[in-house]
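Participant: This is the structure I want to talk about, given as structure tokens.
The values are calculated or read from the model by the stated rules, or taken from the named source; none is laboratory data. No experiment lies behind these values; they were computed from the predicted model shown. So basically every Cβ, Gly included, is an ideal-geometry build from the backbone, and we count neighbours across all protein chains shown. Note: accessible area is taken over every heavy atom of the protein model, side chains too, but ligands, DNA and RNA are not part of it. Shrake-Rupley method; radii C 1.70, N 1.55, O 1.52, S 1.80 Å.
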Number of protein chains: 4
Amino acid sequence: MQAFFLPEIFGYREVIYMQMKKPDAKKLAVGICGASGYTGMELLRILALHPQVEVTAITSEKSAGRKVHEIFPFLSAYTGLIFEPMTREKLLGKADLFFLALPHGASQEAVHYFFSRGKKVIDLSADYRIRDPKTYAAWYGLDHTRQSTLKKAVYGLPEIYRNKIGKAALIANPGCYPTSAVLGMMPAVRNKLLDLSTVIIDSKSGTSGAGRKADLGISFCEVNEGFKAYGLVTHRHTPEIEQEISNLAGKKVVVNFTPHLLPVDRGILTTIYAKLKKKADTKTAISLFSRAYAKEPFVRVLAEGSLPNIKHVRGTNMCEIGVKVNDRTNTLIIVSAIDNLVKGASGQAIQNMNLMMGFDETEGLRQLALYP
Amino acid sequence: MQAFFLPEIFGYREVIYMQMKKPDAKKLAVGICGASGYTGMELLRILALHPQVEVTAITSEKSAGRKVHEIFPFLSAYTGLIFEPMTREKLLGKADLFFLALPHGASQEAVHYFFSRGKKVIDLSADYRIRDPKTYAAWYGLDHTRQSTLKKAVYGLPEIYRNKIGKAALIANPGCYPTSAVLGMMPAVRNKLLDLSTVIIDSKSGTSGAGRKADLGISFCEVNEGFKAYGLVTHRHTPEIEQEISNLAGKKVVVNFTPHLLPVDRGILTTIYAKLKKKADTKTAISLFSRAYAKEPFVRVLAEGSLPNIKHVRGTNMCEIGVKVNDRTNTLIIVSAIDNLVKGASGQAIQNMNLMMGFDETEGLRQLALYP
Amino acid sequence: MQAFFLPEIFGYREVIYMQMKKPDAKKLAVGICGASGYTGMELLRILALHPQVEVTAITSEKSAGRKVHEIFPFLSAYTGLIFEPMTREKLLGKADLFFLALPHGASQEAVHYFFSRGKKVIDLSADYRIRDPKTYAAWYGLDHTRQSTLKKAVYGLPEIYRNKIGKAALIANPGCYPTSAVLGMMPAVRNKLLDLSTVIIDSKSGTSGAGRKADLGISFCEVNEGFKAYGLVTHRHTPEIEQEISNLAGKKVVVNFTPHLLPVDRGILTTIYAKLKKKADTKTAISLFSRAYAKEPFVRVLAEGSLPNIKHVRGTNMCEIGVKVNDRTNTLIIVSAIDNLVKGASGQAIQNMNLMMGFDETEGLRQLALYP
Amino acid sequence: MQAFFLPEIFGYREVIYMQMKKPDAKKLAVGICGASGYTGMELLRILALHPQVEVTAITSEKSAGRKVHEIFPFLSAYTGLIFEPMTREKLLGKADLFFLALPHGASQEAVHYFFSRGKKVIDLSADYRIRDPKTYAAWYGLDHTRQSTLKKAVYGLPEIYRNKIGKAALIANPGCYPTSAVLGMMPAVRNKLLDLSTVIIDSKSGTSGAGRKADLGISFCEVNEGFKAYGLVTHRHTPEIEQEISNLAGKKVVVNFTPHLLPVDRGILTTIYAKLKKKADTKTAISLFSRAYAKEPFVRVLAEGSLPNIKHVRGTNMCEIGVKVNDRTNTLIIVSAIDNLVKGASGQAIQNMNLMMGFDETEGLRQLALYP
């Protein structure tokens, strides 16, 4: 039997991929820093089908020097791409837009570096989300050392800040819980329906939200068939939610936010309760929400009798919302569902990129839910 | 090869079992009506190790005439036991105490029949839980036709009604959600800590709570990797929770109760929120709860920093409770976890039986959690 | 508050969708019979992104008259589409190609109807897979009443029959288990590596393989945390596997095939064992497999040291294959993984459609795995 | 509010537990080395209900100095017990029998230490299972430095070695896969039914088999919804299976053994294939197996038409076996199911202890399956 080299084969498939992707000078060159975590992988998954983008650089300290498909066979479409260490100087020339999927803290400097050198930056960490450096310091235990850059950042929730995003060069991509909570509450807050001193936000997230890491607490046998609350009262997404709800309300709002850990891979379901300030029934409330999101490609308000399910949005950039009034307690109940890795992270980042670059906002994001 | 009869073998194991169980005249003869559902199966699982009980009759319309182990190989210890149709006259003489695991509605007559003929009855349906027949009719869509018997029923939550249960002949075994909610709130309500107009009860239940049945909505691919709220505002456990909280509070209380469906077999985690009427910190609140449940064998109040997990109580009769105060919103947050089939149904039923019969309250219920 | 009609909103989103899809006269009009099962839903999911196809008709007896998104909110892109009963005469003019996702037996007539009237047909049932009507009758307990049409059917496994498929008007889309087994064995059988009297095919399938239905046996609590073999010796995919392996071998082959039920939504992993007839080592075997599949866009042969995982192919049309020789027992071990709903059903059906219509073979099928 | 000390409460529950357990001089004092892994935890779970045993010492390097319930709230029955470092001299006097749940390699010396000082030892590692030190060295990459002690060890599979176990002071507790494979094959091998050159053992294990540790490969999102083979051809349980099958056969046997990783907590299902040497039908084979295990309290041979499921044995010491003959290929197919942490580890260890101490063999092990 004649010798046969594996690279030949992958080379062949790479050729197919190259033909599929037809990389050309007009495509946007994109770099991903921190590409071996779940949000980085998810950016790669989605961008593989984006016709106007070419991923030209990816970083991972651990996997530096190795091809993507050696680490992740299921990303075999990217056979040409090699992980490199995050050497900023070498990266700078390789792309026009950078997604940063780094831990908070580490992003402060990295964002500033690329942004101050004229690159477009979409930061998936928390470092540029909190407008007030004191609040950031209080919840994250870190000073913000790039406050002038912080002032340039736009909070990347298109349903609120679409116009600003279109003109921005630096996006602070929202957290997963805040995305589900703020989209869930926005129409009710804007319309002053709620007594904002009574807000309860009870969220349940799939385990991918904890990141890709070796950790006993998220090992299979600890999570599977289990369910628990965590981070009671102290979760760092609290001030981010409060910032955005306060902005919508035009006054300072404090909320109860409780995250829970679901034994599923993906998905956040958030159940929100607040006393009604105005009298309203379920029909009116749904109508209000429907109108608010009528032109949004990625928010789906359900008809009465339907309720969101994380399974309905799995693998998609959609936010599904159901609304009901409890007459007996005069309470509005809102349920919202997103995929934490898509609308809660990488999908929304790509939606922001589309807006920044003038692409069709839904480009690369039209996949329907993987159901079941 | 010589002929060999399977019954000989099972006969042998049955002998082992008989030796283990040593059935004798002094044991309590127990019948289970509706034994092929999950709560019926769970009664069989637990009672197999109860030294003072002998299961003498089990009913199932579908499986009538068949041995238990033919339908459920994993209950092979019960090889002598045969499912029979629920012919009350034939059952009457076979047992001294009956567990009824029938659908609501069907239990009204069945309970009355056995109870009025001098049998002890523990009813796992909702039919005898609601004290007020009008409330029952409003939420269940049925009139209660045995209201004189209803007056004799004791609500089987030992942590509140232990003395009454000890003297009772008819127990209305609590619902799974109400057990988790009422145990979670009891110390705070008794001590008048809470503004009871602000109670939010956000519950998440494993799928066995939906029962053992052919139903597309609980088929594997619909539930797995999914999560949703259901029965918003209308769930029938709402009036049961309100009845017991109102009793504890000494005034009528109305609550928000929202159940969710978890993609796990067993377990209910309930997260409860209410504004504090008195000022309190987490340390004080835990101390209060710890004292309230100090003598309870089946309630475990966690130290500060620990939080309940349904996996910690799986297969056990334990209720695990964690408490935390949110100073920023002046809200008490309580998290409680039970196994819906044990403390939420069959285990609590056996705890009630132990109390009624003067057995050690923990008999048959001392198993530790199956973890992982 | 002014009245507001939900249809307006969905109408709006429909418009977005219409713009996305830009339906025009040049698109292929496609009908799906049996569109409310999992394979039908999966066809809808994939075709939503296929630029050359327009779904123009879908059938479901139960949901007839209702819009897709009313039943499946997550398929909201298809707001214009309404389920209709399977009235063949009405359907005939609505599409040029029909996917039939009907139960076996029911497909015999339906396929014949559309095919004999000049429509292209891709049948996802088993009715046209088995070449020999006697074998079909023996395993399926049914006579084949359309044997002249049966003779026109091409077995839709592109890796073997690509040329025939390109010219065919009637495709018998392969079963999920046969796809995983035949792709796993093909290079070894063609190269006469194996003693074909020793073949063991041990397959493990996710629960969606059982279909979308109300059935106690596939209810969540029966499947979750469980694992079992089923259909030992008698599973109907056995003759289909044997037919294709026999064709490849040029002689009649009989195999052991054992399916198992995995507590996951999607995926089949098949582990295949056969004694080696020729001496070979792992390196040689991998090289042989790599060469055989070098030009295949949907087969990925793994390098030594890597092994397939159903999670690597979830939501994709890829078949992942790993190969290893056991020197101690002179046995070749092959492991193959597919998504049973994609390469094992609907994705392969669309691959066949692409070949039949002269589209790019990978059109609509380039999504990477949803991981995690 | 008066100060309140948590220990008072736990002290109270401890008192309840003490009353339950009534520790007295006549109980067997038992030590567990490596008690914070899953097999150690499982020993604690089961022994809590064993009336003749008192756990008097537990070791864990990481958790040394902490109470059991501080680390594992669900083991709160053991409030009196404190983890200690594994200082052999201090442990020696604390117990009469030691369970060692240490990594292989580490057990060589530890076993020798306790055994040579007159203690009874049950070793759950692999160190004393392989009779031939060369085989041990070849597969484990370690020399065995205590070969004289090795000669005293009895392989702790009661269904084969019950008499020897009853007289032994040192038990090598079998591996989880070997237990499922050897119990599955024993009757067929003893009766010389099989062509032993054709044995395929295809096993599927729950994730707890990988142990309790921080490891990316067993993190939730990597395992959940996945399924894969691993350790192809090289798994270390292979020589253990071969040793026992060879002993039963009276000649050297080599097998194909392939483990797979199931996305469940517990359970091993093993599917075994071998060509029949003698002609036999399913009825005969079941009869043979039934007879072989007729007196075994922990093996359940299923009637024709039933097949094992790991869910049927969850949390129990039972091994469930199903048998079928494939006439078309002249192959015997055996399916066996155990709980890897019970019959595959800690339960079998306690069964061995019962035999060594003259207790009832089933003491502490009569729990029925936690189903669902």
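Participant: Quick one: in region B:189-226, which of the residues that are within 7 Å of another protein chain (Cβ to nearest Cβ) and of a type in the set (A, V, I, L, M) is farthest from C:THR207 (Cα to Cα)?
Facilitator: This residue is B:ILE200.
Participant: Somewhere in region C:76-95, is a residue part of a loop (DSSP other than H, G, I, E, B), hydroxyl-bearing (Ser, Thr, Tyr) and closer than 25 Å to C:VAL121 by Cβ?
Facilitator: Checking region C:76-95: at least one residue is part of a loop (DSSP other than H, G, I, E, B), hydroxyl-bearing (Ser, Thr, Tyr) and closer than 25 Å to C:VAL121 by Cβ.
Participant: Please indicate, with yes or no, whether at least one residue in region A:254-271 is charged (D, E, K, R), within 30 Å of A:SER36 (Cβ to Cβ) and in contact (Cβ under 8 Å) with a residue 24 or more places away in the chain.
Facilitator: Within region A:254-271, one or more residues are charged (D, E, K, R), within 30 Å of A:SER36 (Cβ to Cβ) and in contact (Cβ under 8 Å) with a residue 24 or more places away in the chain.
Participant: Kindly establish whether B:SER107 is part of a helix (DSSP H, G or I) and touching a strand residue (DSSP E or B) at 6+ places or on another chain (Cβ under 7 Å).
Facilitator: It is true that B:SER107 is part of a helix (DSSP H, G or I) and touching a strand residue (DSSP E or B) at 6+ places or on another chain (Cβ under 7 Å).
Participant: Quick one: would you say D:LEU170 is open to solvent by less than 20 Å² (accessible area, probe 1.4 Å) and touching a Gly at 6+ places or on another chain (Cβ under 8 Å)?
Facilitator: no
Participant: Could you list, in sequence order, the residues of region C:201-220 that are of a type in the set (A, V, I, L, M) and closer than 20 Å to C:GLU320 by Cβ?
Facilitator: Once the filter is applied, which keeps residues that are of a type in the set (A, V, I, L, M) and closer than 20 Å to C:GLU320 by Cβ, region C:201-220 yields only C:ILE201.
Participant: If you go through region A:265-280, how many residues are farther than 30 Å from A:GLU222 by Cβ and not in a strand (DSSP E or B)?
Facilitator: 4
Participant: Hey, could you check region D:81-109 for residues that are out of contact with any Phe, Trp or Tyr (no Cβ under 8 Å at 6 or more places or on another chain) and among the small types (Gly, Ala, Ser) and say which is least open to solvent (accessible area, probe 1.4 Å)?
Facilitator: D:ALA95
Participant: Of everything in region B:327-355 that's facing another protein chain (nearest Cβ under 9 Å) and charged (D, E, K, R), which residue is nearest to B:GLU42 (Cα to Cα)?
Facilitator: Only one residue fits best here, namely B:ASP327.
Participant: Turning to a different aspect of this structure: Taking C:VAL30 as the residue in question, decide whether it is part of a strand (DSSP E or B), under 19 Å from the mean Cα position of the chain (by Cα) and assigned by TED's automatic domain parsing to the domain that holds C:ALA169.
Facilitator: yes
Participant: Based on this model, can you work out whether B:THR79 counts as hydroxyl-bearing (Ser, Thr, Tyr) and at pLDDT 95 or above?
Facilitator: Judged against the criteria, B:THR79 is not a match.
Participant: Turning to a different aspect of this structure: Got at least one residue in region B:122-134 being basic (Lys, Arg), within 27 Å of D:LEU368 (Cβ to Cβ) and open to solvent by 20 Å² or more (accessible area, probe 1.4 Å)?
Facilitator: no
Participant: If I filter region B:254-274 down to residues being in contact with a Leu (Cβ under 7 Å, 6 or more places away or on another chain) and more than 14 Å from chain D (Cβ to nearest Cβ), which single residue comes out as nearest to C:GLU225 (Cα to Cα)?
Facilitator: B:THR258
Participant: To continue, here is another question. Identify the residue in region C:281-326 that is assigned to a strand (DSSP E or B) and more than 11 Å from chain D (Cβ to nearest Cβ) and, among all such residues, is nearest to D:LEU261 (Cα to Cα).
Facilitator: Within region C:281-326, the match that is nearest to D:LEU261 (Cα to Cα) is C:ILE321.
Participant: Are any of the residues in region B:337-348 at pLDDT 95 or above, under 24 Å from B:LYS192 (Cβ atoms), crowded, with 24+ Cβ neighbours inside 10 Å and not assigned by TED's automatic domain parsing to the domain that holds B:LEU124?
Facilitator: no
Participant: Determine the pairs where a residue that is in contact (Cβ under 8 Å) with a residue 24 or more places away in the chain and within 16 Å of C:VAL313 (Cβ to Cβ), located within region A:58-81, has a partner that is among the small types (Gly, Ala, Ser) and open to solvent by 20 Å² or more (accessible area, probe 1.4 Å) with Cβ atoms under 9 Å apart, the partner being 6 or more residues away or on another chain.
Facilitator: So the pair list comes out as A:PHE72/A:SER36.
Participant: Going through region A:224-266 one residue at a time, which ones are open to solvent by less than 10 Å² (accessible area, probe 1.4 Å), among the small types (Gly, Ala, Ser) and touching a helix residue (DSSP H, G or I) at 6+ places or on another chain (Cβ under 6 Å)?
Facilitator: A:GLY226
Participant: Before we move on, is B:VAL199 open to solvent by less than 40 Å² (accessible area, probe 1.4 Å), closer than 15 Å to B:VAL253 by Cβ and out of contact with any strand residue (DSSP E or B) (no Cβ under 8 Å at 6 or more places or on another chain)?
Facilitator: no
Participant: If you go through region D:228-245 one residue at a time, how many are within 12 Å of chain C (Cβ to nearest Cβ), under 18 Å from D:LEU261 (Cβ atoms) and not charged (D, E, K, R)?
Facilitator: 8
Participant: Still on this structure, I have one more. Across region C:217-248, what is the total count of residues that are over 25 Å from D:ILE338 (Cβ atoms) and of a type outside the set (Ser, Thr, Tyr)?
Facilitator: So the count comes out to 11.
Participant: Being surrounded by fewer than 22 Cβ atoms within 10 Å (Cβ to Cβ) and charged (D, E, K, R) is the filter; apply it to region C:37-80 and report the residue that is nearest to the other protein chains (Cβ to nearest Cβ).
Facilitator: C:GLU70
Participant: Counting just the residues of region B:330-372 that are without any contact (Cβ under 8 Å) to a residue 24 or more places away in the chain and assigned to a loop (DSSP other than H, G, I, E, B), which one comes out farthest from D:ARG314 (Cα to Cα)?
Facilitator: Filtering region B:330-372 for residues that are without any contact (Cβ under 8 Å) to a residue 24 or more places away in the chain and assigned to a loop (DSSP other than H, G, I, E, B), the one farthest from D:ARG314 (Cα to Cα) comes out as B:ASP360.
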